[in-house]
Amino acid sequence: MIVFLFLLHWQWMAVLSIIISWLSVAITVTKVSFDLDMNVRKRHYDPWFYGYSPSRRSRRKVAQISLFLFVLAHIACRTSAVSFLYLTNPIWLVAFLSADMGFYMLYKVRAHT
């Protein structure tokens, strides 16, 4: 019985660690995005790209919370999908991640040429 409780405790600690990681990434992405968006030089340089955050403080908070929740959901779904794909068939996971990184590299090479 003690061994079962010990293992159960460690499982919850692992889940808590993953949730804390998701929250940390979501907060970091949200803060960096808003810091870049609120930069006056960047807004002046490219007003069509920067400037998505509203000028009113209350609306800005709503946009910030929405972005945080979106990033949190994206990270949670992405990591869950990768883990489920690994449990299903590790070869499919390798194919998926290879295609994902291949498209990313293709985009980066095309964007810089």
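The values are calculated or read from the model by the stated rules, or taken from the named source; none is laboratory data. Bear in mind that the values here come from a model prediction, so they are computed numbers and not experimental data. Neighbour counts run over all protein chains shown; Cβ positions are idealised from the backbone, glycine included.
Observations, loosely collected:
- Residue pairs meeting the criteria (Cβ under 9 Å; at least 6 apart or on separate chains; first touching a residue at least 60 places away in the same chain (Cβ under 8 Å), in region 63-87; second among the polar types (S, T, N, Q) and assigned to a helix (DSSP H, G or I)): Thr79/Ser21
- Residue pairs whose Cβ atoms lie under 6 Å apart, sitting 6 or more positions apart in sequence or on different chains, and linking a residue in region 1-28 that is modelled with pLDDT of 80 or more to a partner that is in a helix (DSSP H, G or I) and aromatic (Phe, Trp, Tyr), are Ala26/Phe68.
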